[in-house]
1. Do you know which residues across segment 658-705 are among the hydroxyl-bearing types (S, T, Y) and assigned to a loop (DSSP other than H, G, I, E, B)?
2. With the condition kept exactly as written, say whether any residue in segment 395-406 is more than 26 Å from L314 (Cβ to Cβ), without any contact (Cβ under 8 Å) to a residue 60 or more places away in the chain and out of contact with any Leu (no Cβ under 9 Å at 6 or more places or on another chain).
3. Sort through Q599, Q626, Q594, Q557 and tell me the only one that's under 31 Å from the mean Cα position of the chain (by Cα) and assigned to a loop (DSSP other than H, G, I, E, B).
4. Any chance segment 613-634 includes a residue that's closer than 20 Å to L567 by Cβ and either modelled with pLDDT of 95 or more or out of contact with any strand residue (DSSP E or B) (no Cβ under 8 Å at 6 or more places or on another chain) (or both)?
5. For segment 512-520, does any single residue satisfy the condition of being touching a Leu at 6+ places or on another chain (Cβ under 8 Å) and at pLDDT below 95?
6. Filter segment 932-962 for residues that are under 18 Å from V595 (Cα atoms), out of contact with any helix residue (DSSP H, G or I) (no Cβ under 7 Å at 6 or more places or on another chain) and not acidic (D, E) and give the result.
7. Does segment 444-460 contain any residue that is charged (D, E, K, R) and at pLDDT 50 or above?
Amino acid sequence: MKVDEALAILERTLPPGSLNTVKTLVFRHSWEGKGYADIAEDAGYDPDYIKGVAAGLWHSLSMVFGQKVTKKNFRSLLIQRYSASTPATVPTATVTPQPPNGDSPLSPVPQPTEPPASTVPKRWDWGEAPDVSVFYGRTRELAQLQHYIQTDSVRLLAVMGMGGIGKSALVVKLIEQLKTEFDVVIWRSLRYAPAPKTVLTQLLSFISPSTSEPTTPATPSLTPTTNTSSFSEIGEFIRLARRTRCLIVLDNVESILLEGTTGRYRPGCEGYGELLRAMGETVHQSCLLLTSREKPPEIAALEGTGPAVRSFLLEGSTDAASALLESVCGSPEQKRSLCELYSYSPLALKIVSTAIQDLFEGEIAQFLEHRSVILNGIRRLLAPQFQRLSPLEMAIMFWIAIDRGQTTVKQLHRDLIPPVSQASILQALEALTWRSLVKRERRKKPAFSPQKDNQISNKKPTETTEENYYLICPMVMEYLTHCLTEQIVHELTTGEIKQFVQIALIKTTVERSVREHQRSSILEPIARALQMTFSSSRALIEQLQTILERLRQMEKQGSGYGVGNWLNLCIRLQIDLSGYDFSHLTVWHADLQQVNLHQVNFAYANLSYSIFAQSIGEITAIAFSQDNTYLATGNIWGEVRLWSLRSEYQQQLMSPSHRGAVTALAWSGDGQTLATSSQDGTIRLWDVQTGHSRQVWSAHHGGVNAIAWSPLGQRLASCGEDGTIRLWDVRFGRVERDLPVETRVAAIAFSPQGLLATAGEDSTIQLWDINRLECLRICRGHQDRVSCLLFAPLHFPWDGLASPPLNGETSPLTTDWPATDGDLASPLNTQGLEGTPLLVSGSDDCTLKLWDVSSGTCLQTWRGHSHGIESITNSPDQPILASGSNDGTVKLWNRHTGQCLRTLHHTPDPIHALAFSPNGKILAIGTCEGTIQLWNVQTVQYQETLRATGAYEHMNITGVTGLTTDQISRIVALGASVSGSE
């Protein structure tokens, strides 16, 4: 059988119009045994395009033959079936052909039949339409598009959306529903930007068979410069569109639009604009349906002039997302988070679900822990769309990603470097909206003062007004963040800085929650990448110093956000900035609230949008060393200080600081090691002599709430926000074992016998045998979260006394009020408790409770605080216990009778930190002002106040600009100096 005979059989077997010019070309060369690459090279087509055309051809033959047809077997199948047949016996297919997807993969293949004499066969050319055998949801979208075409008689319709959102699949499904409405259906892909004349010629030839078709195909060109359509061809097309009801689909229309701009076609593709305008403005009975990532200019110009031209923005599909995630494991909340992260994009979720199965054993939870990693498939999906943006559009996209839903035109006008007019910004935002990348949302301005977000304002809030905010979907935000961090790391490594100067990695003019996300998603990955790139900390610091010198050289032309970014990055890397010179530099958006800037020179610097600490920092933890040599303190800025009790409270700042509030301090039994925990998720062991941390442990996901040493000092227990309790082997600095808990633990304590007590949000206290990992008993009685625990030895030398003496003879303490609980009217019954430590707990239910750990029963309940209790401490030599509360009071309690002996301290602010000295004479109280008040317990008198060295000691702010007088005054109060000031 010759190839012409085979083609004749195919023309009579396949639905009319199935064999277009390109398919015929592929069939001829494949019959001769040529490969797709050779066919593409001979004909001047892209190889991928030829493969796609061939796939459609084999699929059509498979539908007719009822078995799978491929390039390897199509010739033998044709010869086997039709070699003995005459042309008269070859069956012809006149039934309405099935689209490439079919209603079901199990649907029976229709057999060719003769149509009734009175019907005219429908003619379909599916071209490169995708196979959508599997399709989910989109009921509302399909109904809306069907309404546009059937009811509103829309002549020009554009379905727009991001890449991978499912535009083409939706349109194929739409055509299935409308297949009886049109005489002719034609699908053409513009992915490779064919010349308008080529496409128009093919359309005319298929709609009107009498129209001659070129004998050789026109080569698709990525930059066509000739062959534009003529007005006569468009006129003929409109004439046929009036006479025959046609549905023409042009897929991937963004390919014919010019990159880097909007509203313009690529050279040689201007004829498409003429075609679109004619289809929208001229009356006819056909419909031209477009799919595109960008809005063509004719759609934008005509869609508001009447009902004949419409655009439809396609977003993600919840039904498709749910179906695509059936193959992976996770809770409904995890699946919803994954869908939101990838904007319910079917293609993106298909890529992600495959990656979860291949890389994370099908577990969504594992993937979400690494979700900052952009998968290669997602990058390939989004990269082409961003390559089409202009430099201004790309810069705006970066700013929108950084702002996380807080972007307005005014903000962009203020942020963009170099400056850009508002008119240009509006034009770029419109273009991004056309490109389906940006959404506009009308909402009220937040009542937020960007430069004073950590200050209390006495001004009345101004009247709220509405403003346009610009948003991007989470998937695009993640992609842009990843691209930005990669670019910044490259610039800092090579020293060729550009984006580092033009983009603020952290913005102080946004809400604190947004700033924290900027720090974790942008600054943190950059810091980690730099630490991995440079062989040592010294090499990294030297490179950063080189970058700073480069920024100083750029200052005359404008260093933009560079110095502020440099400072924020160094703070994250915990580099000591003492003595650095930033004089006469532009320092924008530097977050300097949690860093010591001793002897730093900011003279005549521009500090606009930079924020500073308002106080030394609330004291969050206090602990005396066992030998009464040091007092250790921690604050909300993560600073740990040692106060020498033998050198008039000389202080030493431990370095580097935690990157979150210090939550607990604990001295080892020998007094040689100080352990600290923090909300930054780390535990540090400090060398007291040098002031540096010798070990840093990170095993909790989230903050560490509390720590406690075992009696022998070989283990350290910790509990975290992640709901875990971990036992550390101190010698090796590793997790020895975990305790199986089911709730978040807030407090932890060891008894002298090695019993571990834990308590938390479920209001219970659990007592553990840590060697057997066994919970011995549970203490129940509190009505709210248990916030603090301690074991106290049993002392009863004053049986029968209502208030035991504090100094061995007489007591200056008097009872503020008697105990209100009826069980406290008599002293504690000590029978059977001799030698047994008691457990004391404080709770958000405003009570303290005394527990018998051997039975788990509550012995006493003490009431007196009006708010939750945050801290408790026990006198080592007398039955006195102190408690601090959110009501701002510190109370002393008789541990024998449960009576409140005295209220020592009263402020409007919570008390989070208390500690008795080892000799029991001094009670240290941490305050919100960052000071430590020392009280003599024996005389019940205030003794003195310790003040930490200012964070900005000897920092020079002479002649600075960008700060208010009030801000300068606060900075001076923290140790900064101004020329001429004392």
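1. Within segment 658-705, the first condition is being among the hydroxyl-bearing types (S, T, Y), and the residues that meet it are 663, 668, 673, 676-678, 682, 690, 693, 698.
Hits for segment 658-705 are S668, T690.
2. no
3. Residue meeting the stated conditions: Q594.
4. The initial filter retains those residues of segment 613-634 that are closer than 20 Å to L567 by Cβ, namely 613-614, 617.
This time we only want the ones that are either modelled with pLDDT of 95 or more or out of contact with any strand residue (DSSP E or B) (no Cβ under 8 Å at 6 or more places or on another chain) (or both), so: 614.
Yes, the conditions are met somewhere in segment 613-634.
5. yes
6. Here is the first cut: in segment 932-962, the residues under 18 Å from V595 (Cα atoms) are 947-957.
Going one step further and asking which of them are out of contact with any helix residue (DSSP H, G or I) (no Cβ under 7 Å at 6 or more places or on another chain), we end up with 947-951, 953-956.
R947, A948, T949, G950, A951, H954, M955, N956 - these are the residues of segment 932-962 that are under 18 Å from V595 (Cα atoms), out of contact with any helix residue (DSSP H, G or I) (no Cβ under 7 Å at 6 or more places or on another chain) and not acidic (D, E).
7. Applying the first criterion (charged (D, E, K, R)) to segment 444-460 yields 444-445, 452-453, 459-460.
Checking which are at pLDDT 50 or above leaves us with 444-445.
Checked against the condition, which is being charged (D, E, K, R) and at pLDDT 50 or above, segment 444-460 yields at least one hit.
Conditions tested, residue by residue: (1) surrounded by fewer than 19 Cβ atoms within 10 Å (Cβ to Cβ); (2) in a loop (DSSP other than H, G, I, E, B).
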site: F500; (1), (2): no, no
site: V510; (1), (2): no, yes
site: V514; (1), (2): yes, no
site: E524; (1), (2): yes, no
site: A527; (1), (2): no, no
site: L530; (1), (2): no, no
site: R538; (1), (2): yes, no
site: Q545; (1), (2): yes, no
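The values are calculated or read from the model by the stated rules, or taken from the named source; none is laboratory data. As the structure is a prediction and not an experimental result, all values here were calculated from the model. Positions of Cβ are backbone-derived with ideal geometry, glycine not excepted, and every protein chain shown enters the neighbour counts.
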